[in-house]
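To start, the structure under review is shown below, and the notes come after it.
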Amino acid sequence: MKYHNKRFKLITNTPNGEVSEDLVFEYQQEGNVVTCQYQGSRIVMGHLIGLVDEEGNIDMRYHQVNTQGQLMTGVCFSSPERMGNGKIRLHEKWVWTSGDKSKGSSVLEEL
């Protein structure tokens with residue numbers, strides 16, 4: 001599965017997440033390395049970097065500065081689902097490695 005130049009939008013998120021529906025993730029990919037820079041809503045600036053396996057799963061790390069001036073970091077594992085329209089839905093399980101270190105889940109869909 002290739003993620004280069006694909007754009008994703010949040011569909012659902014647990015309450016302890018900082019990402020909202022108005023933020024768009026624009027993925028870049030070179031080989032099996034995926035990167036993304038994002039901002040909007042409660043995020044002043046964020047970045048993610050991850051490795052994609054043969055099934056399209058992404059093992060990623062992220063860091064972001066929120067509007068409260070906090071540097072937040074975390075780990076996320078995304079599993080892809082190919083939807084009927086051919087677009088990708090990402091099912092994500094994540095955990096903060098800063099702050100309260102809580103866990104959460106989210107779903108993103110390709111635009």
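Key figures
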item: Filter result (in contact with a Lys or Arg (Cβ under 9 Å, 6 or more places away or on another chain), open to solvent by 70 Å² or more (accessible area, probe 1.4 Å) and either in a loop (DSSP other than H, G, I, E, B) or within 20 Å of Val65 (Cβ to Cβ) (or both)) within region 2-23; result: Glu21, Asp22
item: Candidate set: region 71-88, residues that are closer than 16 Å to Tyr38 by Cβ and not small (Gly, Ala, Ser); chosen: the one least open to solvent (accessible area, probe 1.4 Å); result: Cys76
item: Residues of region 51-67 satisfying the condition of being exposed (fewer than 14 other Cβ atoms within 10 Å of the Cβ) and either closer than 16 Å to Lys9 by Cα or touching a residue at least 24 places away in the same chain (Cβ under 8 Å) (or both); result: Glu55, Thr67
item: Residues located in region 94-104, provided they are on the phi < 0 side of the Ramachandran plot, open to solvent by 40 Å² or more (accessible area, probe 1.4 Å) and not β-branched (Val, Ile, Thr); result: Asp100, Lys103
item: Filter result for Val65 (touching a Ser or Thr at 6+ places or on another chain (Cβ under 7 Å), assigned to a strand (DSSP E or B) and not hydroxyl-bearing (Ser, Thr, Tyr)); result: no
item: Among (1) open to solvent by less than 50 Å² (accessible area, probe 1.4 Å); (2) within 14 Å of the chain's Cα centre (by Cα), the one test that His91 misses; result: (1)
item: Region 84-109: number of residues that are closer than 17 Å to Arg7 by Cβ and part of a strand (DSSP E or B); result: 8
item: Gly46 being open to solvent by less than 70 Å² (accessible area, probe 1.4 Å), part of a strand (DSSP E or B) and small (Gly, Ala, Ser); result: yes
item: Residue count, region 24-43 (criterion: more than 21 Å from Gly99 (Cα to Cα), part of a strand (DSSP E or B) and open to solvent by less than 80 Å² (accessible area, probe 1.4 Å)); result: 9
item: Candidate set: region 22-38, residues that are under 12 Å from the mean Cα position of the chain (by Cα) and without any contact (Cβ under 8 Å) to a residue 24 or more places away in the chain; chosen: the one farthest from Leu90 (Cα to Cα); result: Gln37
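The values are calculated or read from the model by the stated rules, or taken from the named source; none is laboratory data. For clarity, every value in this text was computed on a predicted model and none was experimentally measured. Virtual Cβ from ideal backbone geometry, glycine too; neighbours counted across all protein chains shown. Note: areas computed on protein heavy atoms with side chains; ligands, DNA, RNA excluded. Shrake-Rupley method; radii C 1.70, N 1.55, O 1.52, S 1.80 Å.
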